[in-house]
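First up is the structure itself, then whatever we jot down about it.
The values are calculated or read from the model by the stated rules, or taken from the named source; none is laboratory data. Predicted, not measured: the structure shown is a model, and the values here were computed from it. Here the Cβ positions follow ideal geometry from the backbone for every residue, glycine too, while neighbour counts run over all protein chains shown.
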Amino acid sequence: MQPSEMFVGSIDQGTTSTRFLIFNRDGEPVASHQVEFGQIYPHPGWHEHDPLELVSSVETCIAGAVQTFESLGHARASIACVGITNQRETTVVWDHKTGEPLHNAIVWTDTRSQAIVSELKARPGASHLQSLCGLPLSTYSSATKLLWMLAHVPKVKEAFDRGTLAFGTVDAWLVYRLNGGAAANVFVSDSTNASRTMFVNLEKLQYDDALLDFFGIKGKIHLPRIVPSSDPEAYGVIASGVLAHVPIMGCLGDQSSALVGQKGFSPGMAKNTYGTGCFLLYNVGEKPVISKHGLLATVAYDFGGKPVYALEGSIAVAGSGVKFLQNNLSFFQDSEEVNDLALTVEDNGGCVFVTAFSGLFAPYWIDDAKGTIFGITQYTQKGHIARATLEATCFQTKAILDAMEKDSGKALSELAVDGGMSNSDLAMQTQADLISIPVYRPQMRETTALGAAIAAGLAVGMWRNFAELRDINRAGGAVFEPQITREESAANFGKWEKAVRMSRGWTGPDSSPNKDGDRNLDAEIKSISHDTQFNNMTKTTTNGTTTAPNESRGVGILKAVPRQNTSPLVSELVTSGGLGTTLKVKTRTAANGDADRNRDWDFSPAKTPLISVSGDLDEADEEDLFLELRKVEILQKLKKLRKLKLNYF
Ligand SMILES: Nc1ncnc2c1ncn2[C@@H]1O[C@H](COP(=O)(O)OP(=O)(O)O)[C@@H](O)[C@H]1O
Ligand SMILES: O=P(O)(O)OC[C@H](O)CO
């Protein structure tokens, strides 16, 4: 078949719906089919999918789109191959022998592993994970979801003990099942998906023994082989249905796929996809960049040569906020109505909605926040809440762009967008206003599906190189220019940042006001935990002398200096005396020896009111410790102590 006669199918398995699109060589979708599937919310903060329903939704979409394709006069045989793109991190476990799932998939938004995350953060080696795999420890990654299942689902633990437990992200599960399951046993995952598990070394794109060891699964679980995102052999062939025998040749996590679909092939190019969540990926070239400002390092795409990496800003709630207004609050019947509802009012009327349904992801990583609406009065209408919902994603995008600029040293000149919520003109205008650069929205917004089609199409020779993709989806886009000043934008953003600070700690211990004014201190502690970076820390000995951190031993008081040195309560907190008790932090010698000593903190403030630190501390140790102490729970302990005292042995 000549490349010009070929079509390529693309399975787009998203968080709320599945689609199958068939693209021609001009990158135009000629036929498609989409279905929504069940969202299972067993408890607050839990979110599951039925793995078998995910597979059947794919099969339904393939059948529906192929039927349309044929009704348009095309031959099924002209579909040369299929690509897959999928929701990332969502964790599926099945029995390697039978191919049957052992539990519902735990979706990327699910926060049930919060306690596991806290426990893992206190383990030796925790502070080094991000430099290996690019991801912070959080409820978001697959690893903590898997550990939750091992701890709480007997069937999963039994399979683990028997040695028959298979783990995969959605791509691996779909490829496995579409190939026929256990009989064919095609068990692979592409690098962009595999790198979201926390099990993979980001530079080598292979499982990392230190990471597997850390999570306690080394050699005990069946993991998919990691393969390039575009490969004519690795992904096997569809075993049954209307596309039986058609090969699968490409696979990309959906956010990587959208970057490819937007043709973000050069370093410095970025895209922001407003789907269920919202994800900004910035191409950084052939070396990963480990963020210092709350972003993730991830694989942009891996087409067989050198992999290309991206900095990623992940926002947990975007379109799902719109769905919440629709399904939970009955504000409207269809997502697209949010735009008109928001336009019934001139502005947000003073409302700020921190849509922290899953805590807040990048760049904040606050797992003890929950969704909170600030500024409600008798004046508030549905329209204000609708606006505040759209604005929440735009504010977080602004925070991510600021962080990205700090990490990369470069500012974006334009933001390319796509995904369901990008259909809202108001949301995109708001976005341009808040980030003070133009927002470009292509005419064809199925860029996620297009990315997987490109990955597969490159493998089959439908396109030979990136140059041949140049004209795809170039015409007819819309540009949203900023319409407010930078000062107005900064004022709006300041309000958002305040709301973020105030949403912290909701799932932490409750506290009530008392006559000592604890309530004010509580609020201040929350803001300290956010505002204070603790990297200007000084250590003051009991006689008041300030010393370099690694010089002294004996008893000392660590003094946290706020970033702009403006919060008087910080010094009150550390110097005003109080109960004189100390909290206890034990350091453990890391398994891999001296280099790691004292860098991990094992403490349980609930059990002991004493912090003591054994061994030598260098500056990095103290910084690590204080990152831990930023946790609101700990700071609330400090509130009682009014002083933090560290014992050095
Ligand atoms: N016109 C619209 N305005 C605002 N939000 C929309 C609109 N159309 C769809 N959405 C939102 O976009 C999301 C679906 O986008 P999509 O890119 O298909 O996401 P996913 O791949 O995560 O399933 C839904 O959460 C929906 O509420
Ligand atoms: O379903 P989406 O499009 O919001 O994407 C989900 C992401 O892949 C989660 O990391």
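Name the single residue, out of those in the stretch 74-110 being crowded, with 24+ Cβ neighbours inside 10 Å and among the hydroxyl-bearing types (Ser, Thr, Tyr), that is farthest from ligand 2 (Cβ to nearest atom).
Once the filter is applied, the top-ranked residue is Thr91.
Answer yes or no as to whether Ala416 is in contact (Cβ under 8 Å) with a residue 12 or more places away in the chain, under 22 Å from Asp254 (Cα atoms), among the aliphatic types (A, V, I, L, M) and outside any helix (DSSP H, G or I).
yes
Before we move on, is Arg474 more than 12 Å from ligand 1 (Cβ to nearest atom), under 19 Å from Leu252 (Cα atoms) and among the charged types (D, E, K, R)?
no
Condition (residue is near ligand 1 (Cβ under 10 Å from one of its atoms), buried (at least 23 other Cβ atoms within 10 Å of the Cβ) and closer than 30 Å to Ser118 by Cα) applied to the stretch 321-331: is it met by at least one residue?
Within the stretch 321-331 (the criterion being near ligand 1 (Cβ under 10 Å from one of its atoms), buried (at least 23 other Cβ atoms within 10 Å of the Cβ) and closer than 30 Å to Ser118 by Cα), the answer is yes, since at least one residue qualifies.
Within the set of pairs 6 or more residues apart or between chains, which connect a residue that is touching a residue at least 12 places away in the same chain (Cβ under 8 Å) inside the stretch 114-126 to a residue that is of a type in the set (Asp, Glu) and surrounded by 20 or more Cβ atoms within 10 Å (Cβ to Cβ) with Cβ atoms less than 6 Å apart?
Once the first residue is touching a residue at least 12 places away in the same chain (Cβ under 8 Å) and sits in the stretch 114-126, its partners that are of a type in the set (Asp, Glu) and surrounded by 20 or more Cβ atoms within 10 Å (Cβ to Cβ) give Gln114/Asp367; Pro124/Asp600; Ala126/Asp600.
Can you tell me which of Ala416, Ala386, Ala316, Ala392 is over 22 Å from the mean Cα position of the chain (by Cα) and within 16 Å of ligand 1 (Cβ to nearest atom)?
Ala386
Tell me the residue from Ala172, Ala151, Ala182 that is buried (at least 24 other Cβ atoms within 10 Å of the Cβ), part of a helix (DSSP H, G or I) and either touching a Gly at 6+ places or on another chain (Cβ under 8 Å) or not assigned by the TED database to the domain that holds Tyr301 (or both), please.
So the residue among Ala172, Ala151, Ala182 that is buried (at least 24 other Cβ atoms within 10 Å of the Cβ), part of a helix (DSSP H, G or I) and either touching a Gly at 6+ places or on another chain (Cβ under 8 Å) or not assigned by the TED database to the domain that holds Tyr301 (or both) is Ala172.
Here is a check on your reading of the model: is Tyr309 within 16 Å of ligand 1 (Cβ to nearest atom), modelled with pLDDT of 95 or more, in contact with a Gly (Cβ under 8 Å, 6 or more places away or on another chain) and on the phi < 0 side of the Ramachandran plot?
When the stated conditions are applied, Tyr309 does not pass them.
All but one of (1) under 20 Å from the mean Cα position of the chain (by Cα); (2) closer than 30 Å to Leu426 by Cβ; (3) more than 16 Å from ligand 2 (Cβ to nearest atom); (4) not in a loop (DSSP other than H, G, I, E, B) hold for Val284, so report the exception by its number.
The failed condition is (2).
Give the stretch 1-31 a look and list any residue that's surrounded by fewer than 19 Cβ atoms within 10 Å (Cβ to Cβ) and within 16 Å of ligand 2 (Cβ to nearest atom), or say none.
Of everything in the stretch 1-31, those that are surrounded by fewer than 19 Cβ atoms within 10 Å (Cβ to Cβ) and within 16 Å of ligand 2 (Cβ to nearest atom) turn out to be Thr16, Ser17.
Provide a single number: the residues in the stretch 75-95 that are assigned to a loop (DSSP other than H, G, I, E, B) and closer than 17 Å to Ser142 by Cβ.
Applying the first criterion (assigned to a loop (DSSP other than H, G, I, E, B)) to the stretch 75-95 yields 75, 87-90.
Next, from what is left, pick out any that are closer than 17 Å to Ser142 by Cβ: 87-90.
So the answer is 4.
For Thr91, state whether it is touching a Leu at 6+ places or on another chain (Cβ under 6 Å), within 15 Å of ligand 1 (Cβ to nearest atom), under 23 Å from Ser230 (Cα atoms) and in the same structural domain as His222 (by the TED database).
The answer is no for Thr91.
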